[in-house]
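Okay, so here's the structure we're looking at.
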Amino acid sequence: MMLLSLAEALIKRAEQEPSLPIPVVLNLVTWVKGPWVKGRGSLESWAVEELAAKYMIPRRIGREWLADDDLILLLDGFDDVPKRWRRRCALAIN
């Protein structure tokens, strides 16, 4: 709930100041289900795919927004990532 409250506050702030980045909540449990878990691809690649799947953001635009720091990625579900993959997930995030 805290993450969603943070997202809501950041959305309100961005609505008042359009130059601020837009918060986007992504669930890390989907990171485990893709090739990223095996080190084939970056967190950015995963985020672009998630933006396309969850928010219907075209991949080209998602890549641009990430490259331009137009988004604040709020990553949820780290505790749902299987323990054997958490280290790799944390390294990908860092």
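If you scan segment 4-24, which residues turn out to be in a helix (DSSP H, G or I), open to solvent by less than 60 Å² (accessible area, probe 1.4 Å) and either in contact with a Cys (Cβ under 7 Å, 6 or more places away or on another chain) or within 12 Å of ILE72 (Cα to Cα) (or both)? Residues satisfying the conditions are ALA7, LEU10, ALA14.
Taking the criterion of being more than 23 Å from MET2 (Cα to Cα) and hydroxyl-bearing (Ser, Thr, Tyr), the residues of segment 34-91 that qualify are SER42, SER45.
Within segment 32-44, the set of residues being over 12 Å from the mean Cα position of the chain (by Cα) and open to solvent by less than 80 Å² (accessible area, probe 1.4 Å) comprises VAL32, GLY34, PRO35, TRP36, VAL37, GLY39, GLY41. Kindly list the number of the only condition in (1) farther than 24 Å from ARG86 by Cα; (2) modelled with pLDDT under 95 that fails for ALA9. Going through (1) farther than 24 Å from ARG86 by Cα; (2) modelled with pLDDT under 95 one by one, ALA9 breaks only (2). Do we find a residue being part of a strand (DSSP E or B) and either β-branched (Val, Ile, Thr) or farther than 18 Å from GLY77 by Cα (or both) anywhere in segment 25-35? Within segment 25-35 (the criterion being part of a strand (DSSP E or B) and either β-branched (Val, Ile, Thr) or farther than 18 Å from GLY77 by Cα (or both)), the answer is yes, since at least one residue qualifies. Scanning segment 45-63 for residues that are within 20 Å of LEU10 (Cβ to Cβ) and either surrounded by 14 or more Cβ atoms within 10 Å (Cβ to Cβ) or without any contact (Cβ under 8 Å) to a residue 24 or more places away in the chain (or both) turns up ALA47, GLU50, LEU51, ILE57, ILE61, GLY62. Which residue, of ASP69, ASP80, is in contact with a Pro (Cβ under 8 Å, 6 or more places away or on another chain), open to solvent by 60 Å² or more (accessible area, probe 1.4 Å) and touching a residue at least 24 places away in the same chain (Cβ under 8 Å)? Sole residue among the options that is in contact with a Pro (Cβ under 8 Å, 6 or more places away or on another chain), open to solvent by 60 Å² or more (accessible area, probe 1.4 Å) and touching a residue at least 24 places away in the same chain (Cβ under 8 Å): ASP69.
The values are calculated or read from the model by the stated rules, or taken from the named source; none is laboratory data. Note that the structure is predicted; figures quoted are calculated from it, not measured. Cβ atoms come from the backbone with ideal geometry, glycine included; neighbour counts cover every protein chain shown. Calculation scope for accessible area: heavy atoms of the full protein, side chains included, ligands and nucleic acids excluded. Shrake-Rupley method; radii C 1.70, N 1.55, O 1.52, S 1.80 Å.
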